[in-house]
Amino acid sequence: MRSAPDQDGSWLLVRGRVVTPDGVLSPGWITVTADRIDAVDRGEARPGRQAVVDLDGQWVLPGFIDMHVHGGGGTSFTEGSSHDATNAVEFHRRHGTTSLVASLVTAPLADLEARAAMLAGLADRGVIAGLHLEGPFLSPVRRGAQDPRHMLAPDVAVFERLHAAARGHLRVLTLAPELPGAIAVIEAAARAGVTAAVGHTDATAEVTSEAIDAGATHATHLFNGMRPLHHREPGAAGALLDRDEVSLEVIADGVHLHDITIRLAARAAGPGRLVLITDAMAAAGMPDASYRLGSMRVDAAGGVARLAGDPAKGGTGRAGAIAGSTATMAGVVRHALAAGLPLTEVAAAASTTPARVLGIDHRTGALRPGLAADLVVCDDEFRLRAVMRHGQWLTGHP
Ligand SMILES: [Zn+2]
């Protein structure tokens, strides 16, 4: 049962299973006025002037927040126009991501500055929630799908150039803390209010701990692109898990991490630290084909994106390395639940915690009165059924 919204665009969603930071309200209801959540509570709602949507027991979760994503729907943030970047944003919105941070991979410095300036324009208009620079201060030893030719030694002056190009929208900088000069860049990032993230690193546990002491507070795709956790040398992964002030990205797509690893990471992290990301590239949502991730060529087949092999076609001799993902947030949320993570923890990891890390938790990231009406509706099997962003249904009603 549903009806059109009244003139001020207000909605009453009834008989849902509403996932809030304090638990699941079942049945629960939500009122939305214009672009905000007005009220959230359990039980039967008293209808007012709003249009009513009967959720008939479907789940309502906060809209997903993806703080590490390179593209989707055939286009990316790493190349192309602002129209292409907007297309990628809209693709992910349809899959439940109501806020995202656009991630750039290592590229020549002038290119990074130009991309950052273009994306800052989208951030000014509220299309994206900011930028993530995944490079250029990375370790070639743990480069993943990144181009080692453009990696640089950490340099505060270079950081300041990139920070200036992003005009206050740089949210996250991923770097390898073992590189000379990294600690000074971590300190400069922390002073500038940019989250310093450890990733694409060959650092030992000891060096990683020093980076955390210097102000690094985030792990870029934990376990991927770093030393594994060895019992005598726990590596970056062990050191990052060990420190409560560090938030931890995981790519729960069934490809990048074993489900046991996902469960162990969630348990070791405890509440409020896990962050689900897609690390998606242009191939997300598209047929199997060849795509670009920055300067690298990536072949997507069967939902797995791997570096292409033929150097003549842009391969690097590291053929087969897993590149970005083809995931959506709806997909990783569903996978994390199937792997056995509790629902309220998954909702926190997909929304509330990244909102806090990005400093946008006063605007979005939970089903709570006063926050933006950013929400998703899922069926019994957690298939996405509807997306509301800023009070507007993006996908039709549930
Ligand atoms: Zn990435």
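Tell me whether the stretch 255-262 contains one or more residues that are within 16 Å of the ligand (Cβ to nearest atom) and in contact (Cβ under 8 Å) with a residue 60 or more places away in the chain.
Of the residues in the stretch 255-262, the ones within 16 Å of the ligand (Cβ to nearest atom) are 255-257.
Next, from what is left, pick out any that are in contact (Cβ under 8 Å) with a residue 60 or more places away in the chain: 255-256.
Yes: one or more hits.
No other residue among LEU152, LEU131 is touching a residue at least 40 places away in the same chain (Cβ under 8 Å), in contact with a helix residue (DSSP H, G or I) (Cβ under 9 Å, 6 or more places away or on another chain) and more than 30 Å from ALA366 (Cβ to Cβ) apart from LEU152.
One line per residue, one yes/no per condition, for (1) among the hydrophobic types (A, V, I, L, M, F, W, C); (2) outside any helix (DSSP H, G or I); (3) free of Cβ contacts under 8 Å to residues at least 60 places away in the same chain:
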| residue | (1), (2), (3) |
| --- | --- |
| LEU341 | yes, yes, no |
| VAL346 | yes, no, no |
| ASP361 | no, yes, yes |
| PRO369 | no, yes, no |
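Taken over the stretch 76-87, the criterion of being within 16 Å of the ligand (Cβ to nearest atom) and closer than 18 Å to VAL298 by Cα is satisfied by SER76, PHE77, THR78, GLU79. Among the residues of the stretch 65-91, which ones are in contact with a Phe, Trp or Tyr (Cβ under 7 Å, 6 or more places away or on another chain) and crowded, with 23+ Cβ neighbours inside 10 Å? Scanning the stretch 65-91 gives HIS70, GLY71, GLY72, ALA85, ALA88. Checked against the criterion of being within 30 Å of HIS169 (Cβ to Cβ) and out of contact with any helix residue (DSSP H, G or I) (no Cβ under 7 Å at 6 or more places or on another chain), the candidates GLY9, GLY16 yield just one match: GLY9.
Could you list, in sequence order, the residues of the stretch 16-32 that are over 25 Å from the mean Cα position of the chain (by Cα) and surrounded by 19 or more Cβ atoms within 10 Å (Cβ to Cβ)?
Of all residues in the stretch 16-32, those over 25 Å from the mean Cα position of the chain (by Cα) come to 16, 25-32.
The answer is GLY16, LEU25, GLY28, TRP29, ILE30, THR31, VAL32.
Looking only at residues in the stretch 356-394 that are closer than 17 Å to ASP66 by Cβ and open to solvent by 60 Å² or more (accessible area, probe 1.4 Å), the one that is modelled with the lowest pLDDT is LEU394.
Selection over the stretch 263-310 of residues that are at negative phi, within 15 Å of the ligand (Cβ to nearest atom) and not in a strand (DSSP E or B) gives a count of 7. Could you check, for the stretch 303-323, whether at least one of its residues is surrounded by 18 or more Cβ atoms within 10 Å (Cβ to Cβ), at pLDDT below 95 and farther than 18 Å from LEU257 by Cα? Yes - at least one qualifying residue is present in the stretch 303-323. Whether any residue in the stretch 44-64 is touching a Leu at 6+ places or on another chain (Cβ under 6 Å), within 16 Å of the ligand (Cβ to nearest atom) and open to solvent by less than 20 Å² (accessible area, probe 1.4 Å) is what I want to check. No, every residue in the stretch 44-64 fails to be touching a Leu at 6+ places or on another chain (Cβ under 6 Å), within 16 Å of the ligand (Cβ to nearest atom) and open to solvent by less than 20 Å² (accessible area, probe 1.4 Å). For beta carbons closer than 7 Å, sequence separation of 6+ or different chains, a first residue in the stretch 40-68 that is free of Cβ contacts under 8 Å to residues at least 60 places away in the same chain and a second that is open to solvent by 30 Å² or more (accessible area, probe 1.4 Å) and aromatic (Phe, Trp, Tyr), the qualifying pairs are ASP41/TRP29; ALA45/TRP29.
Only residues that are within 16 Å of the ligand (Cβ to nearest atom) and either within 19 Å of GLU187 (Cβ to Cβ) or outside any loop (DSSP other than H, G, I, E, B) (or both) were counted in the stretch 122-134, giving 4.
The values are calculated or read from the model by the stated rules, or taken from the named source; none is laboratory data. In this text the structure is predicted, and so the values were computed from the model without any measurement. Cβ coordinates were reconstructed from backbone atoms using ideal geometry, including for glycine residues, and neighbour counts include every protein chain displayed. All accessible areas refer to the heavy atoms of the entire protein, side chains included, with ligands and DNA or RNA removed. Shrake-Rupley method; radii C 1.70, N 1.55, O 1.52, S 1.80 Å.
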